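Presented below is the structure to which this report refers.
The values are calculated or read from the model by the stated rules, or taken from the named source; none is laboratory data. Keep in mind that what you see is a predicted model, and the values were worked out from it rather than measured. Virtual Cβ from ideal backbone geometry, glycine too; neighbours counted across all protein chains shown. Side chains included, ligands, DNA and RNA excluded: accessible areas come from the protein's heavy atoms. Shrake-Rupley method; radii C 1.70, N 1.55, O 1.52, S 1.80 Å.
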Amino acid sequence: MTSTTTLSLDDCVKADAVDPLREFRREFAIPEGVLYFDGNSLGARPIAAQECAARVIGDEWGNGLVRSWNEAGWFDLPVRLGDKLAPLLGAGEGEVVVTDSTSINLFKALASALSIAAAQDPSRKVIVSERDNFPTDLYIAEGIISLLDQGYELRLIDQPGDLTEAVGPDTAVVMLSHVNYRTGNLYAMTEVTAAVQERGALMIWDLAHSAGAVTVDLSGADADFAVGCTYKYLNGGPGSPAFIWVNRRHQNTGIQPLSGWWGHARPFAMESAYEPGAGIRRFLSGTQPITSLSLVECGLDVMLKADMADIRSKSLALADLFINLVEERCAAYGLELITPRAHERRGSHVSFVHPEGYSIMKALIARGVIGDYREPGVLRFGITPLYLGYADVWNAVDVLRDILENKSWDRPEFRERDAVT
Ligand SMILES: *Cc1c(COP(=O)(O)O)cnc(C)c1O
């Protein structure tokens with residue numbers, strides 16, 4: 001399938017019939033009448049999650065009670081899941097834990113990276129990031145800067161191309177989202193990491209929109225730290241715990257500022273002084289949300305049965321189809337593509353800007369085409385190859401075209417803002 005010919009609905013149905021990932025859709029619970037294009041915000045529910053929840057709540061909690069910390073492996077769960085997730089990140093065993101939220105893991109990663117950078121060269125006081133980064137990443141950096149109160153500053157670039165110029169002898173850490181949450185821009189991880197490290201800074205990647213969406217090779221890039229979500233493309237469930245990856249060379253050197261008992265060398269010795277544990281366990285803080293953490297495994301189990309290369313190539317083909325169909329069939333209605341067209345620059349969602357973007361998205365959702373809205377004016381469509389097909393893309397664009405043509409978005413109920421967009 002090339003990126004230049006637009007398919008008919010019939011062609012799409014044929015493409016679905018020979019899709020090597022077509023069987024995966026049956027692993028997910030998607031309601032009747034819904035075309036789900038928001039797996040980049042909350043992944044669909046694996047069918048197996050219900051059984052898993054029943055086992056954890058009914059058997060492990062209900063029957064096992066406190067014994068389950070040992071007998072059901074609850075205590076080791078963050079590390080065991082980290083090892084299971086590692087291949088999807090190009091990481092090795094003992095390098096990842098699934099724990100806390102992305103925001104909290106970023107706090108730990110950034111504080112740790114700053115402590116390592118300061119030990120090498122305390123004059124480096126700049127954290128470089130991107131103005132269009134996901135806001136929590138920037139807020140966390142601001143919080144650390146004010147907490148440390150050591151003259152650190154945040155330097156924000158406006159374009160991905162401005163990065164190397166912004167990183168210099170004053171830079172301690174560079175912190176970027178591998179895939180931008182709004183535009184879908186994808187950084188070349190290996191090249192960017194090398195350029196940052198050549199300039200003497202440490203590299204932290206936020207993989208929230210990358211894990212399970214695009215191929216990632218943290219070891220190949222030899223990055224320093226990474227964090228990311230499990231509730232997006234990894235289908236772990238609403239608010240499921242996030243992950244943190246720490247390059248082995250840093251695991252025992254930096255400060256882990258949330259020095260709770262789960263990161264202690266001997267948690268159950270109940271000593272009064274903190275002594276950091278060795279390895280990735282140091283990046284745990286306190287007692288884990290076991291019910292939610294357990295469900296992460298269902299999403300991972302489905303994802304690990306698929307070939308990441310198949311996922312990526314289908315994602316690109318579906319996104320090409322989406323872009324082509326919108327540009328061909330909705331050309332008259334002023335949608336502007338803000339996602340890079342080049343495959344090597346694009347993650348796994350497609351975004352268009354429209355001045356009435358909010359109302360249009362609400363009208364789409366009312367018709368069962370669920371994407372989401374991000375300021376300013378951005379209609380965002382997540383592409384999740386495990387449970388979306390070619391005909392789904394065709395049908396979604398058909399609904400979009402109808403809404404635009406008939407201006408059916410132009411109603412008071414579609415203007416009212418919800419708390420979560
Ligand atoms: C979704 C997302 C987050 C979310 O962080 P939480 O702590 O889970 O709320 C963080 N960073 C990026 C880049 C994201 O896309």
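Looking only at region 109-118, which residues are within 16 Å of the ligand (Cβ to nearest atom) and either of a type in the set (Asp, Glu) or surrounded by fewer than 24 Cβ atoms within 10 Å (Cβ to Cβ) (or both)?
Result: Ala111, single match.
Given the criterion away from the ligand (no atom under 16 Å from the Cβ) and modelled with pLDDT of 95 or more, identify the matching residue among Leu106, Leu148. Walk me through how you get there before you give the answer.
Working: Leu106 fails: away from the ligand (no atom under 16 Å from the Cβ).
Every option except Leu148 fails the conditions.
Report, by residue number, each residue of region 209-259 that is within 15 Å of the ligand (Cβ to nearest atom), part of a loop (DSSP other than H, G, I, E, B), out of contact with any Lys or Arg (no Cβ under 8 Å at 6 or more places or on another chain) and not β-branched (Val, Ile, Thr). I'd like the intermediate steps shown before the answer.
Going through region 209-259, the residues within 15 Å of the ligand (Cβ to nearest atom) turn out to be 209-214, 216, 225-245, 258.
Pick out the ones that are also part of a loop (DSSP other than H, G, I, E, B) and you get 209-214, 216, 229-242, 258.
Checking the rest, the ones that are also out of contact with any Lys or Arg (no Cβ under 8 Å at 6 or more places or on another chain) come to 210, 216, 229-234, 236, 238-242.
Across region 209-259, the qualifying residues are Ser210, Cys229, Tyr231, Lys232, Tyr233, Leu234, Gly236, Pro238, Gly239, Ser240, Pro241, Ala242.
Is it fair to say Thr421 is outside the structural domain of Ala17 (by the TED database), under 23 Å from Ser210 (Cβ atoms) and in a loop (DSSP other than H, G, I, E, B)? Walk me through it before giving the result.
Details: outside the structural domain of Ala17 (by the TED database): yes; under 23 Å from Ser210 (Cβ atoms): yes; in a loop (DSSP other than H, G, I, E, B): yes.
Yes, satisfied.
Residue check, Val79 against (1) of a type outside the set (Phe, Trp, Tyr); (2) without any contact (Cβ under 8 Å) to a residue 24 or more places away in the chain; (3) crowded, with 18+ Cβ neighbours inside 10 Å, all met but one. Which one?
Among (1) of a type outside the set (Phe, Trp, Tyr); (2) without any contact (Cβ under 8 Å) to a residue 24 or more places away in the chain; (3) crowded, with 18+ Cβ neighbours inside 10 Å, Val79 violates only (2).
Assess whether Ala332 counts as being open to solvent by less than 20 Å² (accessible area, probe 1.4 Å) and farther than 15 Å from Asn185 by Cα.
Numbers: open to solvent by less than 20 Å² (accessible area, probe 1.4 Å): no; farther than 15 Å from Asn185 by Cα: yes.
Criteria not met by Ala332.
Pull up region 10-31, narrow it to residues that are free of Cβ contacts under 8 Å to residues at least 60 places away in the same chain and part of a helix (DSSP H, G or I), then point me to the one that is surrounded by the most Cβ atoms within 10 Å (Cβ to Cβ).
Narrowing region 10-31 to residues free of Cβ contacts under 8 Å to residues at least 60 places away in the same chain: 10, 14, 17-18, 23, 26, 29, 31.
Narrowing further to those that are part of a helix (DSSP H, G or I): 10, 14, 17, 23, 26.
Details: Asp10: 10, Lys14: 14, Ala17: 11, Glu23: 11, Arg26: 10.
Filtering first and then ranking leaves Lys14.
Yes or no, residue by residue, for (1) open to solvent by 70 Å² or more (accessible area, probe 1.4 Å); (2) of a type in the set (Asp, Glu); (3) free of Cβ contacts under 8 Å to residues at least 12 places away in the same chain:
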position: Val126; (1), (2), (3): no, no, no
position: Arg131; (1), (2), (3): yes, no, no
position: Phe134; (1), (2), (3): yes, no, no
position: Asp137; (1), (2), (3): no, yes, no
position: Ile144; (1), (2), (3): no, no, no
position: Leu147; (1), (2), (3): yes, no, yes
position: Gln150; (1), (2), (3): yes, no, no
position: Leu154; (1), (2), (3): no, no, no
position: Thr164; (1), (2), (3): no, no, no
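Within region 225-261, which residues are among the hydroxyl-bearing types (Ser, Thr, Tyr) and farther than 15 Å from Ser285 by Cβ?
Within region 225-261, Thr230, Tyr231, Tyr233, Ser240, Thr253 qualify.
For the list (1) within 16 Å of the ligand (Cβ to nearest atom); (2) part of a helix (DSSP H, G or I), I need the number of the one condition that Val97 fails.
For Val97, the exception is condition (2).
Count, please, the residues in region 202-255 that happen to be buried (at least 24 other Cβ atoms within 10 Å of the Cβ), free of Cβ contacts under 8 Å to residues at least 40 places away in the same chain and out of contact with any Phe, Trp or Tyr (no Cβ under 7 Å at 6 or more places or on another chain).
Total satisfying the criteria: 2.
For region 390-420, give me the residue count where each residue is among the β-branched types (Val, Ile, Thr) and surrounded by fewer than 14 Cβ atoms within 10 Å (Cβ to Cβ).
In the first step, residues of region 390-420 are kept if they are among the β-branched types (Val, Ile, Thr); the result is 393, 397, 399, 403, 420.
With surrounded by fewer than 14 Cβ atoms within 10 Å (Cβ to Cβ) added as a condition, the list becomes 420.
Going through region 390-420 one residue at a time, the tally reaches 1.
So how many residues does region 362-389 have that are surrounded by 24 or more Cβ atoms within 10 Å (Cβ to Cβ) and of a type in the set (Ser, Thr, Tyr)?
The qualifying residues number 1.
Working only within region 282-320, note down all residues that are of a type in the set (A, V, I, L, M, F, W, C), under 24 Å from Arg346 (Cβ atoms) and not in a helix (DSSP H, G or I).
Ala306 - this is the single residue of region 282-320 that is of a type in the set (A, V, I, L, M, F, W, C), under 24 Å from Arg346 (Cβ atoms) and not in a helix (DSSP H, G or I).
Considering only residues that are of a type outside the set (A, V, I, L, M) and surrounded by 20 or more Cβ atoms within 10 Å (Cβ to Cβ), which ones fall in region 183-201?
As a first pass, look at region 183-201 and keep what is of a type outside the set (A, V, I, L, M): 183-185, 187, 190-191, 193, 197-200.
Result: Thr183, Gly184, Asn185, Tyr187, Thr193.
Being acidic (Asp, Glu), outside any helix (DSSP H, G or I) and within 16 Å of the ligand (Cβ to nearest atom): is that true of Asp137 here?
Working: acidic (Asp, Glu): yes; outside any helix (DSSP H, G or I): no; within 16 Å of the ligand (Cβ to nearest atom): yes.
So Asp137 fails the test.
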